[in-house]
Structure formats: structure tokens, C-alpha cells
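Take a look at the structure below.
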Amino acid sequence: MAFFFLLAGFLCAEDLSPQRLYNSAVVELSKNTDESKASAIELFKSSAMGFEAVASSDYRHWFDAGTARFCASEPALAIVDLRRFLVHDYFRAEAWDNLAEARKSALTRAPGGEGPAVWPWSLWFLDAASLTFGLALLALGVFLFTRKKSILRLTCGIAAITILFSGATALSLAVREPLAVILADTQGRKGDANVYSPQPAAPWKAGQEAWIIGKRGDWIRIKVGADFSWIPRDSVEIINR
């Protein structure tokens, strides 16, 4: 009898697994009715919470949680989860692309330090290093076949460029400040107390990413692009690098 109880519990757990909940949400969404859309959003939220609960043992679930949060019309929380994923897999281009979509929905902007097409400069430098490394290997193969000094010089030149791009990748990663994601609309201030005047004039939106450049008591100083302000520490989720 105990065996059947254990089996039933296992089957129920499987039915409530985050991936099953996510799949069920996709099915509900495909029905394209108001009722099914509302049901899908609740299922996406439940799956996101499930993914977040197990992400501490497998960081890849932060990506799944971010996707589910975005589908549940919670772009600010999607940004938090995707940023948590990028701590572990910073060079996952798909995660950066999804982050860009979440920013559009949350009406936020990049915190700065990113290159074209929403990818960070470190990712562009790494891609360039990979490309030039491949070209260097190709040139080396041609040199070994032809034994021409001009090809050898070309190979050395391309290898030097590869080293430069690799160094740029490492440097861009080393100079990053800690990152925070603002959890709710928050008014920035010129100083570390509510008595200071607003800076900027409009509140920071939920989901806005910001670089942490200072701390004082229960306040942190943040930088978003060329804008600086102070906000309460408890208004953000700090993403460890």
C-alpha cells in the first residue's frame, strides 16, 4: 500500500514540475481565448517559481525562469532571472537577446557598457578572438604547406590580433562594477536620504539594471549610462558577479 502512495506522490510531483507547468501554459496560450490566456499566465508564473526554486542547484534554470516570467508578463522579474543566469554563463548570446526583449517590455534601458545589438563588448571581443584564431590556424596550415615567409608573417599578425582581442575580453570583464536590478518603480535622489531632491526627475522603472558604484548606510549609488543617483538598498536585487 505504501508503494502506491509513493507512486501517486511521484506522479503528482511530475505533473507539477516546472517544465510540465510551462508546457501546459504553452498549450493554454495556443487556444487563443481570454480565459485560456489568463490561465496560461498563471501557469507561467507557477513554472517560473518552480524553476527559481531549483536554480540554486542548477543555474541553467535561471534562464528557464526568465523565459517563464517574460511569458507571464513580468518583464522586470524576467530581467532579474536572466541576469542571475548570466552570472554563470556570461557569453550566452541567446540570454542577451532575451534580456533585450525583456527590457523593451519593462520600458527600461541598458545600464551602459554594452556594444551593438545589445551584446556586451566582452562578447563581441570574444567572438572576434574566436574568428581571428580560426583564421590564424588556417594561415598556419597554408604556411606549413607552402613554406612562404609572407604567409608566416601573416599568421603571426593574425595571432597577435587574436591575443589583443582576448586581452580586451578579459579586461572588459575585470572592470565591471557589481550590478543591481531595481525591483519596483523607485525615485532616485541626489544624496543618500529622502530629503535630497530627485535625480533624475522621473523614477527608475522596475527592472532597470544599474551599476553599483558606491554604498552609504542603507543607500547605494548607481550609474545607468551617464546618469547617477542614490536609491535605497532594499529597492534592488544585487546580482553577484
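Coordinate-derived values only; no laboratory data. Predicted model, so just to flag it, every value in this text is computed and none were measured. Cβ sites come from the backbone with ideal geometry, for glycine too, and all protein chains shown count toward neighbours.
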Can you tell me the length gained on complete extension of the stretch Ala226 to Ile213, counting 0.36 nm per residue apart and subtracting the Cα distance?
3.4 nm
Using mean Cβ contacts within 10 Å as the protection proxy, how do 133-139, 120-126 order, highest first?
120-126, 133-139
Run the count for the chain, please: Lys pairs, Cα-Cα under 18 angstrom, 8 or more apart or on different chains.
7
Among [x] 40, 31, 16; [y] 33, 25, 17; [z] 39, 19, 15, which one is semi-axes √(5λ) of the Cα gyration tensor in Å computed from these coordinates?
[x]
With unit charges on the beta carbon (Lys/Arg positive, Asp/Glu negative), name the residue among Phe85, Leu135, Ser150 whose Cα is farthest towards the positive pole of the charge dipole of the stretch 28-152.
Ser150
Quick check on packing: order 204-214, 158-168, 82-92, 63-73 by the mean number of other C-beta atoms within 10 Å, highest mean leading.
63-73, 204-214, 82-92, 158-168
Under the 7 Å Cα-to-Cβ spin-label approximation, Ala93 and Glu237 lie apart by a distance in nanometres of 2.7 nm
If one builds a Gaussian network model of the chain from Cα atoms under 10 Å apart, the most fluctuating residue listed among Ser150, Ser17, Ser172 is Ser150
Label-point separation in nm, Val195 to Arg147, each point 7 Å along Cα→Cβ:
8.4 nm
How much length is gained on full extension from Glu177 to Val26, taking 0.36 nm per residue of separation minus their Cα-Cα distance?
50.6 nm
Ala202 and Cys156 label points (each 7 Å along its Cα→Cβ direction) are spaced in nm at 5.6 nm
Within 10 Å of each residue's Cβ, count the other Cβ atoms and sort Ser57, Ser130 from fewest upward.
Ser57, Ser130
Residue-normalised 222 nm signal for the chain, counting each DSSP H run of n ≥ 4 as -39,500 (n - 2.57), nearest 500 deg cm²/dmol, is -19500 deg cm²/dmol
Normalised by the number of residues in the chain, what is the relative contact order in percent for Cα pairs under 8 Å and 6+ residues apart?
15 percent
With the contact rule set at Cα under 8 Å and sequence spacing of 6 or more, what percent relative contact order holds for the stretch 59-150?
19 percent
Which shape class, rounded, prolate or oblate, goes with the stretch 121-174 when its Cα gyration tensor gives a ≥ b ≥ c as root eigenvalues, a/c under 1.5 marks rounded, and past that a/b bigger than b/c marks prolate?
prolate
